[in-house]
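A.B. asks: Pasting a structure below so you can have a look.
The values are calculated or read from the model by the stated rules, or taken from the named source; none is laboratory data. Not measured: the values here are computed from a predicted model. All Cβ positions, glycine included, derive from the backbone under ideal geometry; neighbour counts span all protein chains shown. To get the accessible areas, we keep the full protein, side chains included, count just its heavy atoms, and leave off ligands, DNA and RNA. Shrake-Rupley method; radii C 1.70, N 1.55, O 1.52, S 1.80 Å.
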Amino acid sequence: MSKKIWLSSPHMSDEGYEVEYIKEAFDTNWIAPLGKNVNEFEKELAAKVESKAAAALSSGTGAIHLALNAAGVGEGDIVFCQSLTFSATANPIIYQNATPVFIDSDYETWNMCPRALEQAFEKYPEVKAVIVVHLYGLSADMDKIVELCKKHNVALIEDAAESLGTYYKGKHTGTFGEYGMFSFNGNKIITTSGGGMLVSDNEEKIAKVRFWATQSRDQARHYQHSELGFNYRMSNIVAGIGRGQLKVLDQRVAKKKYIFEFYKRELGQLEGVEFMPVNEWNEPNYWLSCLTLSGKVRPIDIMEALEKENIESRPVWKPMHMQPFFAQYDYIGGEVSESLFENGVCLPSDTKMTDEDLNRVCEIVKGLWA
Ligand SMILES: *Cc1c(COP(=O)(O)O)cnc(C)c1O
């Protein structure tokens, strides 16, 4: 069997930073609950993205859930949600017994289409919150989306799970809305094995999120609860991995960019191939290198050819309005997200890939045009 190439696998620092932080937690017996790594990871991540406060949580999904809670989203409320995304963006809307309305993407950004968002505001002026996503490390068109949310006085939540290290006009994604979240799941640009972070400039709300995430224990000697609680806090061990990984984030972004440019150079001229859009205002983290196909070679051809050679690749996310579970909810927009799903492929973008690995992938893909 030829060497396995992953789509995007965990990549710990060569320096062993993660192990040092974990060791410190062991040596001081701060395995759980909480501890120094959790506090420091929150501070370090908040500083990196220039947000006032951050809450370290057990998953990115939990971060979206508590962001909705913080935005006051409850039973029967409407939430606009980008349709082209991973289901974890939309599921927490259902956890809150709220109602999602899915919004199409545009070709310029692959993310939420501001024109479709405007139409959605006209149809549902009572909407309670908007969730925009920065897919594959590409930023959404934030000036327009922020302006629309401000105009309608609606809370904006940014799903920046895939975009740690991505900047829009010099400002980090996840810091434009009331709330932003990051994920440290196994295949993200940095990973803690699993975990998430909620960021906001509203320090009071972040304190509240930490309270909810630790079972909403009131300040009392006995166990007293005035509010619904969650068990969503990040452990001190996991946070240690995060602190170490954060030190190599810039290196990871540089390698992801290198991978994208390699593919673009080698495959960009093939008939019908178009790479994901990198706008002049967008400084992506290039989490995954994605392209669309409009000629005779189809995404399935690329995925099958790579799979035969033990190389992982993936289709673009299947939009939420096309998912059986979410089919009953309204959808605003056209066919952009559907078309990106039908014609898109994510190429292996593992930061441990060598030039040899990249050439192997390119030769297999080019072979389909021969
Ligand atoms: C990974 C991901 C999430 C969920 O994060 P978890 O930490 O796995 O819960 C949410 N949204 C998007 C777009 C993601 O890619």
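A.B. asks: Only residues that are under 30 Å from GLU18 (Cβ atoms) and exposed (fewer than 14 other Cβ atoms within 10 Å of the Cβ): list them for the stretch 196-228, please.
C.D. replies: If the condition is that a residue be under 30 Å from GLU18 (Cβ atoms) and exposed (fewer than 14 other Cβ atoms within 10 Å of the Cβ), then GLU203, ALA207 are the ones that fit.
A.B. asks: State whether one or more residues within the stretch 25-39 are touching a residue at least 12 places away in the same chain (Cβ under 8 Å) and acidic (Asp, Glu).
C.D. replies: No; the residues of the stretch 25-39 include none that is touching a residue at least 12 places away in the same chain (Cβ under 8 Å) and acidic (Asp, Glu).
A.B. asks: Right, another one. Which one of these is part of a helix (DSSP H, G or I), among the hydroxyl-bearing types (Ser, Thr, Tyr) and over 30 Å from PHE121 (Cβ atoms): TYR263, TYR286?
C.D. replies: TYR263
A.B. asks: Related question: Would you please name the residue that is most open to solvent (accessible area, probe 1.4 Å), looking only at residues in the stretch 118-143 that are more than 16 Å from the ligand (Cβ to nearest atom) and under 16 Å from ALA71 (Cα atoms)?
C.D. replies: GLU126
A.B. asks: If you don't mind, there's one more thing I want to ask. Considering only residues that are within 16 Å of TRP281 (Cα to Cα) and touching a Pro at 6+ places or on another chain (Cβ under 9 Å), look in the stretch 144-163 and name the one that is surrounded by the fewest Cβ atoms within 10 Å (Cβ to Cβ).
C.D. replies: Here the residue is LYS144.
A.B. asks: Moving on. Modelled with pLDDT of 95 or more and away from the ligand (no atom under 16 Å from the Cβ): does that describe GLU75?
C.D. replies: yes
A.B. asks: Same structure again: Give me the pairs, please: first residue somewhere in the stretch 187-204 and under 8 Å from LYS52 (Cα atoms) and more than 12 Å from the ligand (Cβ to nearest atom), second residue anywhere and polar (S, T, N, Q) and at pLDDT 95 or above, beta-carbon distance under 8 Å, and either six or more positions apart or on two chains.
C.D. replies: Final answer for the pair search is VAL199/SER51; VAL199/THR175; SER200/SER51; ASP201/SER51; ASP201/THR175.
A.B. asks: I want to confirm something. Restricting to the stretch 238-252 and keeping residues that are of a type in the set (A, V, I, L, M, F, W, C) and touching a strand residue (DSSP E or B) at 6+ places or on another chain (Cβ under 9 Å), which single residue is surrounded by the fewest Cβ atoms within 10 Å (Cβ to Cβ)?
C.D. replies: VAL238
A.B. asks: Taking GLU42 as the residue in question, decide whether it is of a type in the set (Asp, Glu) and over 18 Å from the mean Cα position of the chain (by Cα).
C.D. replies: Values: of a type in the set (Asp, Glu): yes; over 18 Å from the mean Cα position of the chain (by Cα): no.
Against the criterion (of a type in the set (Asp, Glu) and over 18 Å from the mean Cα position of the chain (by Cα)), GLU42 does not qualify.
A.B. asks: To continue, here is another question. So which of SER183, SER193 is under 13 Å from the mean Cα position of the chain (by Cα), of a type in the set (S, T, N, Q) and either open to solvent by 10 Å² or more (accessible area, probe 1.4 Å) or not assigned by TED's automatic domain parsing to the domain that holds PHE260 (or both)?
C.D. replies: On the way: SER193 fails: under 13 Å from the mean Cα position of the chain (by Cα).
Of SER183, SER193, the one residue that is under 13 Å from the mean Cα position of the chain (by Cα), of a type in the set (S, T, N, Q) and either open to solvent by 10 Å² or more (accessible area, probe 1.4 Å) or not assigned by TED's automatic domain parsing to the domain that holds PHE260 (or both) is SER183.
A.B. asks: Further question on the same structure: Given the conditions (1) among the charged types (D, E, K, R); (2) more than 17 Å from SER289 (Cα to Cα); (3) open to solvent by less than 90 Å² (accessible area, probe 1.4 Å), which single one is not true for LYS255?
C.D. replies: It is condition (2) that LYS255 fails.
A.B. asks: Can you name every residue in the stretch 282-296 that is among the polar types (S, T, N, Q) and modelled with pLDDT of 95 or more?
C.D. replies: Of everything in the stretch 282-296, those that are among the polar types (S, T, N, Q) and modelled with pLDDT of 95 or more turn out to be ASN285, SER289, THR292, SER294.
A.B. asks: Let me ask you something else. For the stretch 103-117, indicate whether the set of residues that are within 14 Å of the ligand (Cβ to nearest atom) and assigned to a strand (DSSP E or B) is non-empty.
C.D. replies: yes
A.B. asks: Additional query: Just the residues that are closer than 30 Å to LYS3 by Cα, open to solvent by less than 10 Å² (accessible area, probe 1.4 Å) and over 19 Å from the mean Cα position of the chain (by Cα), please, taken from the stretch 316-356.
C.D. replies: Listed by number, the list holds a single entry, MET353.
A.B. asks: Still on this structure: Which residues, taken from the stretch 360-370, are surrounded by 14 or more Cβ atoms within 10 Å (Cβ to Cβ) and either farther than 17 Å from VAL273 by Cα or free of Cβ contacts under 8 Å to residues at least 40 places away in the same chain (or both)?
C.D. replies: Listed by number, the list holds a single entry, ARG360.
A.B. asks: So, one more: Taking the condition of being among the acidic types (Asp, Glu), open to solvent by 40 Å² or more (accessible area, probe 1.4 Å) and not in a loop (DSSP other than H, G, I, E, B), how many residues in the stretch 25-75 meet it?
C.D. replies: Number satisfying all stated conditions: 3.
A.B. asks: Which of the numbered conditions does GLU274 fail, given that it passes all the others? Conditions: (1) part of a loop (DSSP other than H, G, I, E, B); (2) open to solvent by 10 Å² or more (accessible area, probe 1.4 Å); (3) of a type outside the set (Val, Ile, Thr).
C.D. replies: Going through (1) part of a loop (DSSP other than H, G, I, E, B); (2) open to solvent by 10 Å² or more (accessible area, probe 1.4 Å); (3) of a type outside the set (Val, Ile, Thr) one by one, GLU274 breaks only (1).
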